[in-house]
Amino acid sequence: MFLAFLAALLIAQPAYADRIKDLGAFQGIRTNQLTGYGMVVGLPGTGDDNLEYTIQSMKAVASRFGLQLPPGVNPALKNAAVVMVTAELPAFAKPGQRLDITVSSMGKAKSLRGGALIMTPLYGADGQIYAMAQGNLAVGGLGAQGADGSKIVINIPSSGRIPEGATVERAVNTGFATTPRLTFNLTRADFTTAQRVAAAINSRLGNGRAEAVDAVSVAIAAPQGADIRTMLMSEIENLDVISADPPARVIVNARTGTVVINNAVRVGPAAVSHGKLTVRIDEQQQISQPAPFSKGQTALQQNSTVAVDEEVRPMFLFDPGPQLADIVKAVNAIGASPADLVAILEALKEAGALKADLIVL
C-alpha cells in the first residue's frame with residue numbers, strides 16, 4: 001500500500017553527518033549568466049524570411065566585411081534566423097576555456113537544424129564581453145510540413161546547442177583571495193545548522209576562527225592569499241556536520257495526489273471518522289410493443305436504478321504526539337487512499353491538531 005511504503009521510507013532513522021560542501025557554498029564563488037544576440041545561417045529554407053530585424057542583422061554582418069546592400073533591396077532571408085545565445089560562466093573560468101551554449105530562435109524560423117552560428121559576443125550583467133560564441137548547431141528536434149498544410153513537429157527544432165561553442169575571453173574576479181574574511185552560506189536557513197558548522201570549523205582550526213552571523217551565513221577568519229585560502233577552503237568543505245532536523249512539514253501535490261510527510265510531524269489529540277459514499281446509477285432500455293391491431297407505436301422505455309452505498313468505517317483516535325509510524329498505522333486501519341489522506345490531513349490542520357506546516361503544491 002502507498003501509506004505502508006511511505007512509512008517504510010520515513011520512519012525515524014539515525015542521524016547521519018553531511019559534508020559542509022553539501023550544505024551550501026562559499027560566498028562569491030558561483031556561476032554567471034551570459035547572453036548574446038546573433039544569427040544562424042545555412043538553414044534549408046526554414047529561417048525567418050522577411051522579418052525586418054533579420055534583414056537589419058544581416059546588413060550589420062555584411063558591413064563587417066565591407067559589403068553594402070543597395071538601398072531599397074529587401075532580400076528574402078529564408079536561410080537565416082536571428083537567435084539568442086545563452087551560456088553559464090563557471091566560477092574561476094579562465095580565458096581560453098570552452099563553454100557549452102544554447103541557441104534559441106527569436107523570430108519565425110521553423111527549424112535551426114543544419115545551421116551555423118556566426119561569431120557572437122556573450123555579455124554579462126555588467127555589459128562586458130566575457131566570451132565569444134560560434135559553431136555548428138546540434139538540434140534534437142525535427143519539423144516537416146506537407147504541401148497541403150499538414151505538418152509534424154518532434155521536440156523543439158527552433159532551439160539547439162553547441163557543445164564547447166564559446167571561448168572565454170575574460171575572467172570574473174571572485175575576490176576570494178583578498179576579502180577580509182570568508183563567508184560560507186547555507187542552502188537552507190537554519191540557526192542550529194549554522195551553529196554546528198561554526199563549531200565544526202572551530203574544532204578543526206581553533207576557537208574563534210568561525211562564527212555564525214545568522215541562520216544562513218558563517219564568517220571565517222582566514223589569512224589572505226590564494227594558495228593558503230584554497231587549502232583552507234578544501235579542508236573546511238570536507239568536514240562532517242550533523243544537520244539540524246527540518247521543520248515539520250506535510251507536502252501535498254494536489255495534481256498527482258502525492259503526499260510526503262517528514263519525521264518531525266506530530267499530531268495532537270484528535271478523533272477522526274472518515275466515511276465513503278458511493279452512488280451508482282444503472283440505465284436499462286426496454287422496447288414496448290403495442291397490442292395487435294391496437295394502432296399503437298413501438299416505443300423505447302428507459303428504466304433507471306439508483307443505489308447509494310455508504311461504507312461504515314469506525315472512528316479512530318490519535319493520542320497526543322504520535323510519531324509518523326503511528327499516524328500511518330492509524331490511517332491504514334481504515335484503508336484510506338492518498339486522496340483520503342489529503343482530506344484527513346487538511347481537517348486535522350483546521351482543527352489545530354496537526355503540528356506541521358501543510359504545503360499544497
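The values are calculated or read from the model by the stated rules, or taken from the named source; none is laboratory data. Values in this document were obtained by computation on a predicted structure and should not be read as measured data. When we count neighbours, we look across all protein chains shown, and the Cβ atoms used for this are built from the backbone with ideal geometry, even at glycine. These accessible areas exclude ligands, DNA and RNA; they are computed on the full protein's heavy atoms, side chains included. Shrake-Rupley method; radii C 1.70, N 1.55, O 1.52, S 1.80 Å.
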Q. Within segment 14-64, restricting attention to residues that are charged (D, E, K, R), touching a residue at least 24 places away in the same chain (Cβ under 8 Å) and not in a strand (DSSP E or B), which residue is least open to solvent (accessible area, probe 1.4 Å)?
A. Asp48
Q. Where in segment 147-247 are there strands (runs of 3 or more DSSP E), lying fully within it, with 3 or more residues that are open to solvent by less than 70 Å² (accessible area, probe 1.4 Å)?
A. 159-168, 181-186, 217-221
(Q) Tell me yes or no: at least one residue of segment 141-158 is at pLDDT below 85, of a type in the set (Asp, Glu) and over 20 Å from Ala81 (Cβ atoms). (A) yes
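Filter segment 82-129 down to the residues that are assigned to a strand (DSSP E or B) and farther than 29 Å from Ile55 by Cβ and list them by number.
Residues of segment 82-129 that are assigned to a strand (DSSP E or B), as a first pass: 82-89, 98-105, 116-123, 129.
Passing the criteria: Glu88, Leu89, Arg98, Leu99, Asp100.
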Q | First in segment 215-227 and farther than 23 Å from Ala194 by Cβ, second anywhere and among the small types (Gly, Ala, Ser) and surrounded by fewer than 19 Cβ atoms within 10 Å (Cβ to Cβ), Cβ under 7 Å, 6 or more apart | A | Gln224/Ala177; Gly225/Ala177; Ala226/Ala177
Q: Starting from segment 171-183, keep only residues that are small (Gly, Ala, Ser), then list their pairs with residues that are surrounded by 11 or more Cβ atoms within 10 Å (Cβ to Cβ) and assigned to a loop (DSSP other than H, G, I, E, B) whose Cβ atoms are within a distance under 9 Å, requiring at least 6 positions of separation or different chains.
A: Ala171/Phe92; Ala171/Ala93; Ala171/Pro95; Gly175/Gly28; Ala177/Gln224; Ala177/Gly225
**Q.** Filtered residues of segment 238-247 (kept if under 17 Å from Val216 (Cα atoms) and at pLDDT 90 or above)
**A.** Val241
Q) When segment 248-297 is examined, which residues are found to be part of a strand (DSSP E or B), open to solvent by 50 Å² or more (accessible area, probe 1.4 Å), among the aliphatic types (A, V, I, L, M) and modelled with pLDDT under 75? A) Ala271, Leu277, Val279, Ile281, Ile287
(Q) Any residue in segment 248-267 that is more than 14 Å from Ile359 (Cβ to Cβ) sitting within a Cβ distance under 6 Å of a residue that is part of a loop (DSSP other than H, G, I, E, B)? List the pairs, counting only those 6 or more apart or interchain. (A) Asn263/Ala12; Arg266/Gly321; Val267/Pro322; Val267/Ala353
**Q.** Of the criteria (1) open to solvent by 70 Å² or more (accessible area, probe 1.4 Å); (2) of a type in the set (S, T, N, Q); (3) at pLDDT 90 or above, which one Thr86 fails
**A.** (1)
